[in-house]
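Trainee: Please read through the structure below; I'll follow up with questions.
The values are calculated or read from the model by the stated rules, or taken from the named source; none is laboratory data. Computed from a predicted structure; not experimentally measured. Cβ atoms come from the backbone with ideal geometry, glycine included; neighbour counts cover every protein chain shown. For the accessible areas, the whole protein counts, side chains as well, though only heavy atoms, and no ligand, DNA or RNA atoms are used. Shrake-Rupley method; radii C 1.70, N 1.55, O 1.52, S 1.80 Å.
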Amino acid sequence: MRLSTFGEKFSSKSGILQLMDDLGNALAGKGDMAMMGGGNPAHIPEVEEAMARRLKKIHGDNDEIRRMIGIYDPPQGEKNFIEGLADLLNREFGWQLTPENIALTNGSQSAFFLLFNMFAGPCPDGKKRKILLPLAPEYIGYADAGLVPDFFTSFKPKIDFLERPFFKYRIDFENLHISDDTAAICVSRPTNPTGNVLTDEEVISLDAMAKKADIPLILDSAYGTPFPDIIFTQARPFWNENIILCMSLSKLGLPAARTGIVIARQEIVRALSRMNAVMNLATGSFGAMMTMDLVRSGEIISLSRNVIQPYYRKRAEEAVGLFEKALEGTNFFIHKPEGAIFLWLWFPNLPISSQKLYERLKEKGVLVVPGHYFFPGIEDENWPHRQECIRVNYSQSEDVVKRGIAIIGEEVKQVFSQG
Ligand code: PLP
């Protein structure tokens, strides 16, 4: 097969592909693998019940069935959902959105692909611009999304050591710099993989830097406010004409609906809709139709605040407790879980690479994600920290998480004792 440069790049083995492949194969294979690798959200009964109620209502209404499966939506996305969402966000946060500020995409992953390549890469003025990630570790799904190589610049974080076993990454503003070839700043809040939540002050500073440089600030709120609101600290939601806020229905419990939401100034939404038309004709209607009532009533926010957030907070605390027990006597740190659905473990001076640790854990029946994938744009190959971390999803059933953490504890102790 003779491939184009595009074909070669996008059909080669990416980190995200390995992750999704592993997930699918392990699910289809040995039934006893503890699946703590991918980003699947938990099955929360109250959320599933709300979705079942909605499906029943749709089932009894021919007009709604048609709107869900029988028509193409416009490339910007389902109109009624977009209107309902603009109203909700204006009511809740005093933003002044119109429907022209919102576009839907087929999952927020595709929104990032479109947005990144809309701003970065070769530009008509002859420059080659890059996406700036102010803090790595950052989401693995960004890493391969550029149409051209060398697409990201990122910066090592400052590390605050908190009460054991916790530490926290902070943006190193002294070293962070925007240059002529910076296309946009992007950051996930909460951060996948670490569970870090940028403080309001950090976001305000990034916003000011972006405005000054006349580039957009892309805030990835896949786990954030106002839904699914998997945030355990105080964090204000932010939006203004210079911010592109990306949200998703996935972590609410609808990853299969593939619904991403982009909130941005009108010219960006228009551009995104046009790109969407070329790539997809239309966005899928399923997620919008499933959550229409929840959005109109505002229940999507109360469900997030009162059910989803406490659910993950409790699961995170339990997982930390289990790790403290399983790793007793080992030198380890956990990033303070401030949000999202993962724990990020750091083993200083780990004698093997994070990939090797991942392979050994897989062999023993637990799937995690090796940490080295989460440093896109970091040029320092010799920074040991890249090889000393793993990401663990704690949202699967309690039995699975307990078993998985016990195996991780045993294996890590083995690794250290063998030197
Ligand atoms: N952003 C972050 C930080 C994520 O963790 C994910 C998925 O895991 C996504 C974006 C993409 O999610 P989706 O395409 O399901 O909306």
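Trainee: Spot the failing condition for Arg54; the list is (1) under 28 Å from Arg315 (Cα atoms); (2) open to solvent by 50 Å² or more (accessible area, probe 1.4 Å); (3) more than 16 Å from the ligand (Cβ to nearest atom), and only one is missed.
Mentor: (2)
The rows are residues; the columns are (1) in a loop (DSSP other than H, G, I, E, B); (2) away from the ligand (no atom under 16 Å from the Cβ); (3) out of contact with any helix residue (DSSP H, G or I) (no Cβ under 7 Å at 6 or more places or on another chain); (4) not hydrophobic (A, V, I, L, M, F, W, C).
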| site | (1), (2), (3), (4) |
| --- | --- |
| Pro190 | yes, no, yes, yes |
| Ala222 | yes, no, no, no |
| Pro228 | yes, no, no, yes |
| Gln234 | yes, yes, yes, yes |
| Ile268 | no, yes, yes, no |
| Arg274 | no, yes, yes, yes |
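Trainee: For segment 326-346, indicate whether the set of residues that are open to solvent by 50 Å² or more (accessible area, probe 1.4 Å), part of a loop (DSSP other than H, G, I, E, B) and on the phi > 0 side of the Ramachandran plot is non-empty.
Mentor: There is at least one residue in segment 326-346 that is open to solvent by 50 Å² or more (accessible area, probe 1.4 Å), part of a loop (DSSP other than H, G, I, E, B) and on the phi > 0 side of the Ramachandran plot.
Trainee: A follow-up question, please. In the list Thr259, Thr233, Thr225, which residue meets the criterion of being touching a strand residue (DSSP E or B) at 6+ places or on another chain (Cβ under 8 Å) and free of Cβ contacts under 8 Å to residues at least 24 places away in the same chain?
Mentor: Details: Thr259 fails: free of Cβ contacts under 8 Å to residues at least 24 places away in the same chain; Thr233 fails: free of Cβ contacts under 8 Å to residues at least 24 places away in the same chain.
Matching residue, one of Thr259, Thr233, Thr225: Thr225.
Trainee: Spot the failing condition for Arg258; the list is (1) closer than 28 Å to Glu381 by Cβ; (2) buried (at least 16 other Cβ atoms within 10 Å of the Cβ); (3) of a type in the set (Lys, Arg), and only one is missed.
Mentor: Only one criterion in (1) closer than 28 Å to Glu381 by Cβ; (2) buried (at least 16 other Cβ atoms within 10 Å of the Cβ); (3) of a type in the set (Lys, Arg) is unmet by Arg258, namely (1).
Trainee: Please give the number of the condition Phe119 fails out of (1) open to solvent by 10 Å² or more (accessible area, probe 1.4 Å); (2) in contact with a Lys or Arg (Cβ under 6 Å, 6 or more places away or on another chain); (3) not aliphatic (A, V, I, L, M).
Mentor: If we test Phe119 against (1) open to solvent by 10 Å² or more (accessible area, probe 1.4 Å); (2) in contact with a Lys or Arg (Cβ under 6 Å, 6 or more places away or on another chain); (3) not aliphatic (A, V, I, L, M), just (2) comes out false.
Trainee: Within segment 109-167, can you find the residues that are in a loop (DSSP other than H, G, I, E, B) and of a type in the set (A, V, I, L, M)?
Mentor: Across segment 109-167, the qualifying residues are Ala120, Leu135, Ala136, Ala143, Ala145, Leu147, Val148, Leu162.
Trainee: Does Ser395 satisfy the condition of being buried (at least 21 other Cβ atoms within 10 Å of the Cβ) and among the polar types (S, T, N, Q)?
Mentor: yes
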